[in-house]
1. Would you check which residues across segment 36-45 are surrounded by fewer than 20 Cβ atoms within 10 Å (Cβ to Cβ) and at pLDDT 95 or above and list them?
2. Output the residues belonging to segment 86-95 that are aliphatic (A, V, I, L, M) and buried (at least 18 other Cβ atoms within 10 Å of the Cβ).
3. Going residue by residue through segment 159-177, is there one that turns out to be among the small types (Gly, Ala, Ser), closer than 21 Å to Thr52 by Cα and surrounded by fewer than 17 Cβ atoms within 10 Å (Cβ to Cβ)?
4. When you scan segment 180-190, how many residues do you find that are part of a loop (DSSP other than H, G, I, E, B), small (Gly, Ala, Ser) and open to solvent by less than 40 Å² (accessible area, probe 1.4 Å)?
5. Could you please let me know if Leu116 is open to solvent by 10 Å² or more (accessible area, probe 1.4 Å), in contact (Cβ under 8 Å) with a residue 12 or more places away in the chain and either of a type outside the set (Gly, Ala, Ser) or under 22 Å from Phe17 (Cβ atoms) (or both)?
6. Please go through segment 128-149 and pick out each residue that is of a type in the set (Val, Ile, Thr), out of contact with any helix residue (DSSP H, G or I) (no Cβ under 7 Å at 6 or more places or on another chain) and at pLDDT 95 or above.
7. Out of Arg152, Arg82, Arg172, I need the residue that is at pLDDT 95 or above, over 17 Å from Leu25 (Cβ atoms) and either part of a helix (DSSP H, G or I) or not hydroxyl-bearing (Ser, Thr, Tyr) (or both). Which one?
8. Looking at Asn125, is it polar (S, T, N, Q), at pLDDT 95 or above, out of contact with any helix residue (DSSP H, G or I) (no Cβ under 6 Å at 6 or more places or on another chain) and open to solvent by less than 40 Å² (accessible area, probe 1.4 Å)?
Amino acid sequence: MIISTHQLIFSPWLGFFFKALHCDLLVLLDDVQFPRGTTWVSRNRFKFHQGTLWLTIPVWRKGKGLQKINEVQICYDEDWPRKHLASLSTAYAHAPYWEDHRPFWEETYRRKISGLADFNLRIINYLKTSLSVPTEMQLSSSLAVEATGNERLIEICHRLKASTYLAQYEARKFIQEEAFAKAGIGVQYFRFHHPVYPQLWGEFIDNLSAWDLLLTCGPRSYNILAGSPFRMIPPEASSSSP
């Protein structure tokens, strides 16, 4: 079995779902440290008439110290859900499939979900279904792994009886291949070549939230995503691969 991992981020980019398409199980890391400063766990990029539109989920940090992602609480002291929805409506009002998905955003903001992990997971599951990504996803907290770093990844592979760990090529510098090999787990890398698709607002911008593809291309989104070239890069070739 091939597994991969990814932090439980907000409204993931297409590379997140592309990786999911090419593994048997994607483990969402919800019990790792919530990064300090700006982070994809609580913000992501969309597109509007001025270019890149950043949406950020306000969270409680002061006095909290180091937190795990699944411990982070969303702050509703200000009415940011209304502002988010207004920004999305302005940015995508003319997108062909905005009206199909607007009720999801309205309901999500109306709920005022307290936990950031729960908020992100709700969005990921919706995008996964809407993009027709069949891969199962599982929270790392369900495995109760105490190790950190590469040992955490190896232990996750063992718990799930995985034979191969799949990582994006750019993550190779963080992977201790010898430790994986010693544990009897193969490592494979891949590159993600971002697809170009019809966007609103002029010049194409890549690496936006997957929402941008879904709202502009609707049912064609899966074929656009799955049609991106995929090539496995073995560890011994990773240092010299273009």
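The values are calculated or read from the model by the stated rules, or taken from the named source; none is laboratory data. All figures in this text were calculated on a predicted structure; none of them were measured in a lab. All Cβ positions, glycine included, derive from the backbone under ideal geometry; neighbour counts span all protein chains shown. Each accessible area value is taken on the protein alone, full model and side chains, heavy atoms only, with ligands, DNA and RNA left out. Shrake-Rupley method; radii C 1.70, N 1.55, O 1.52, S 1.80 Å.
1. Thr39, Trp40, Arg43, Arg45
2. Matches in segment 86-95: Leu88, Ala91, Ala95.
3. no
4. 1
5. Here the answer is no, as Leu116 does not meet what is asked.
6. Thr129
7. The conditions single out Arg82.
8. No, not satisfied.
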